[in-house]
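Structure first, commentary second.
Every read-out reported here was derived from the displayed coordinates using simple, explicitly stated rules and does not represent laboratory data. Please read these numbers as outputs of a predicted model, since none were measured by experiment. FYI the Cβ positions are ideal-geometry reconstructions off the backbone, even for glycines, and counts take in every protein chain you see.
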Amino acid sequence: MPFTPTFCPNCATKLEPRPEHGVIRPTCPACGHIWYRNPVPAAGVILVRDGNVLLVKRKYEPRAGYWCLPAGFMEAGETPEQSATRELLEETGVIAQLSGLFGVYAGFDDPRVRAVLILYTGTATGGEERAGDDAIELGWYPLDALPHDIAFASHRQALAELRERLAGA
């Protein structure tokens with residue numbers, strides 16, 4: 001379950017559930033601080049080569065051993081584009097030039113946090129393919145023969161849209 005503090009991060013008073021804009025949120029009765037549990041931005045890259053899409057197998061929970069697009073959470077000070085290319089390089093060893101925004105997806109099924117996934121298309125420009133960082137394997141998969149164990153619904157949705165777009169091209 002995602003973290004919700006018991007005490008106010010500003011003044012250490014015990015938080016109380018109070019309505020705020022139609023939602024019950026932990027609120028400090030002393031200083032008025034409201035704890036918002038906002039989505040966390042993540043970014044990644046969709047690489048397609050010869051009709052195959054690059055996927056990585058997750059090393060860590062949640063869903064260790066499942067496949068996903070190379071993506072991850074943004075770091076402070078990064079743009080979504082910087083985050084996407086950094087995550088691609090860390091997880092696959094591939095350097096890419098982004099070619100455009102593919103789509104933005106709500107991630108509701110990560111038990112750690114609710115995410116907003118920003119995916120870009122790109123073209124590999126260098127690097128050496130290897131599983132790295134939090135990936136234990138990488139592979140190029142035909143869109144009509146993807147692994148059945150895709151880690152997150154947002155990745156499954158993006159892959160389905162990719163298949164539709166390429167079929168219509």
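Pairs of Cα atoms nearer than 8 Å and 6+ residues apart set the relative contact order; for the chain it is 23 percent. Tell me, what is the Rg over Rh of region 68-116, with Rh the Kirkwood radius over Cα pairs? For region 68-116, the value is 0.96.
In plain terms, the chain from residue 140 to residue 101 could stretch by 12.0 nm, reckoned as 0.36 nm per residue minus the Cα-Cα distance. Taking only the alpha carbons of the chain, we obtain Rg and Dmax values of 18.8, 61 Å in that order. The helix-only estimate of mean residue ellipticity at 222 nm for the chain, built from DSSP H runs of length n ≥ 4 each weighted as -39500 (n - 2.57), is -5500 deg cm²/dmol after division by the residue total. If only the Cβ of Lys and Arg carry +1 and only the Cβ of Asp and Glu carry -1, the dipole of the chain around its Cα centre is close to 580 debye. Computed extension gain for residue 131 through residue 112, at 0.36 nm per residue and net of the alpha carbon distance, reaches 4.5 nm. What does the net charge come to around residue 37 if you take all other residues with beta carbon closer than 15 Å to its beta carbon, with K and R at +1 and D and E at -1? Spelling it out: positives minus negatives among the neighbours equals +2.
Between residue 16 and residue 59, the contour length at 0.36 nm per residue exceeds the Cα-Cα span by 11.7 nm. To the nearest 10 degrees, how steeply does helix 153-168 sit against the main Cα axis of the chain, on a 0 to 90 scale? With both axes taken from Cα atoms, the answer is about 40 degrees. Against the chain, whose longest principal axis is taken from its Cα atoms, helix 80-92 shows a tilt of about 60°.
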